[in-house]
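Notes for the one structure printed next.
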Amino acid sequence: MTEILEQTDIALFLYLNQFQNETWNKIMLFFSERFVWIPLYASILFLIYKKFGWKQTLFLIFLYVFLIVISDQLSFFLKNSTQRLRPFRDPRLSDIAHFVGKSGGKFGFVSGHATNAFAFAVFSALILKHRLITISLLVWASVVAYSRVYLGVHFPGDILGGAVLGSGLAFFFSFLHKIMARKFQWLTKKK
């Protein structure tokens, strides 16, 4: 069963990784950068401030930081525990796959980019509860995740694992936020 999943993952990687050109290379490298998304993060925090006020915004900033640290560390732990080679490190793929840009570490399951992007997107969607924002954030997280396959640094299974892990953590942190908001009523009073 594991062999069938691995072969399917490799076949899907090779299919998704084949659509290469210079324009898309630049676009996907852009989507993979972490710091270009600071305006997005700031915009989400501004929307949270407008909806909840400064007290809850400060508390949510703390939760966001904790969420991203946990998601990043869990993905790193899983990479080192599973030790699944990244596509560009896999000798079976070195002559047939396309690799663009910087390489990552040796192991790839689960994708840290996918974990962090989905943790941020799903948590923000659960906090803001706005349909257009939810759709936009999920599309953004999906493109960030896909960019990792396009660039040749992750298999689709790495992305799927990261998306599930990040989303699960986001739901847990949303639940934690609700408990804390009930327990500390002063957090929910907008001023």
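The values are calculated or read from the model by the stated rules, or taken from the named source; none is laboratory data. Values in this document were obtained by computation on a predicted structure and should not be read as measured data. Don't worry about glycine lacking a Cβ; one is built from the backbone with ideal geometry, like all the others, and counts go over all protein chains shown.
Structure above, values below:
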{"read-out": "Qualifying residue in the stretch 77-88 (condition: among the aliphatic types (A, V, I, L, M), over 30 Å from Ile179 (Cα atoms) and under 21 Å from the mean Cα position of the chain (by Cα))", "value": "yes"}
{"read-out": "Every pair of residues 6+ apart whose Cβ atoms lie under 9 Å, when the first sits in the stretch 18-40 and is within 19 Å of His98 (Cβ to Cβ) while the second is of a type in the set (Lys, Arg) and not in a helix (DSSP H, G or I)", "value": "Leu29/Lys102; Ser32/Lys102"}
{"read-out": "Which listed residue is aliphatic (A, V, I, L, M) and touching a Gly at 6+ places or on another chain (Cβ under 6 Å), from Ala119, Ala141, Ala125", "value": "Ala119"}
{"read-out": "Residue match in the stretch 178-185 (condition: crowded, with 22+ Cβ neighbours inside 10 Å and part of a loop (DSSP other than H, G, I, E, B))", "value": "no"}
{"read-out": "Contacts under 8 angstrom Cβ, first residue in the stretch 115-127 being within 11 Å of Trp140 (Cα to Cα), partner crowded, with 24+ Cβ neighbours inside 10 Å and among the β-branched types (Val, Ile, Thr), 6 or more apart", "value": "Ala117/Val144"}
{"read-out": "Residue that is under 27 Å from Gln20 (Cβ atoms), surrounded by fewer than 24 Cβ atoms within 10 Å (Cβ to Cβ) and without any contact (Cβ under 8 Å) to a residue 24 or more places away in the chain, where the choices are Val100, Val143, Val139", "value": "Val139"}
{"read-out": "Residue match in the stretch 65-79 (condition: over 21 Å from Ala170 (Cα atoms) and either hydroxyl-bearing (Ser, Thr, Tyr) or modelled with pLDDT of 90 or more (or both))", "value": "no"}
